[in-house]
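Quick notes on the structure that follows.
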Amino acid sequence: MVGEDVTQNLKTVKSIPLRLKKDLPLLEVRGEVFISKKDFIKINEEQEAAGQQLFANPRNAAAGSLRQLDPKVTSQRKLDIFIFNIQRIEGESFETHSETLEFLKELGFKVSPGYKVCQGINAVWEEINRIGEERGDMDFEIDGAVVKVNSLRQRELLGSTIKAPRWAVAYKYPAEIKETIVKQISVNVGRTGVLTPIAVFDSVRLAGSTVSRATLHNMDI
């Protein structure tokens, strides 16, 4: 096994069924564990009340919670999960990705509620724009949208590179912009003597993270 065994912690995630609604010889799925915005706020309030360090963002909180040595601690973090792909399966066959998502729901898994099958590139861009406009109202943090080829046969023909499949592409939304007050500019001396100016400013929330320092990349020194 490569990596960490978090099986016992995953069993505390209520949206993962401990028993499938249909018996299958083999099923391997892939998903992403997350913490909702409202639960993230509650967790940090509890951390602060206990005098413990606050989590910087929901993604870090979810990852840290999943790696806890004690499953009881994980169970208190209200983790959730979206399953987004069937990696391997025996006993069933499908022609499209959307069919697999519907099947996953039938088995009792939770999939992304906003997925949509689009016909043509114009419909794809419309959906990307819609998600971008509505992401601020979602109960979980996202920084982009993933566009996938729906036909599983076409996916096989397209194949994958060493790093990623050719049948999927991630679209990243523009970064959020927030105003703050710069308190100080310090200079960091690198190992080779390179000087890097760093701005220290009042903390702001950006894309679910608390930011109080930034490298001044555009300064000409």
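Numerical summary
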| item | result |
| --- | --- |
| Percentage relative contact order, the range 1-112, counting C-alpha pairs under 8 Å, at least six apart | 41 percent |
| Exposure proxy order (Cβ contacts within 10 Å, fewest to most) of T100, T215 | T215, T100 |
| Assigned charges on the beta-carbon of Lys, Arg, Asp, Glu; the range 5-161 dipole about Cα centre (debye) | 360 debye |
| Whole-number D in µm² s⁻¹ for the range 91-221, Kirkwood Cα-pair radius fed into Stokes-Einstein, 20 °C, 1.002 mPa s | 113 µm²/s |
| For the chain, the fraction of alpha-carbon pairs in successive 10 Å shells from zero, as % | 6, 23, 29, 25, 12, 4, 0 |
| Alpha carbon convex hull of the range 1-112, volume per residue in cubic angstrom | 117 Å³ |
| At q = 0.15 Å⁻¹, base-10 log of I(q)/I(0) for the range 116-174 (Debye sum, equal scatterers on each alpha carbon) | -0.53 |
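Read-outs throughout are calculated quantities, based only on the coordinates presented, and are distinct from any laboratory measurement. What you see is a predicted model; the values in this text were computed from it and never measured. Here Cβ is always computed from backbone atoms with ideal geometry, including for glycine, and neighbour counts include all displayed protein chains.
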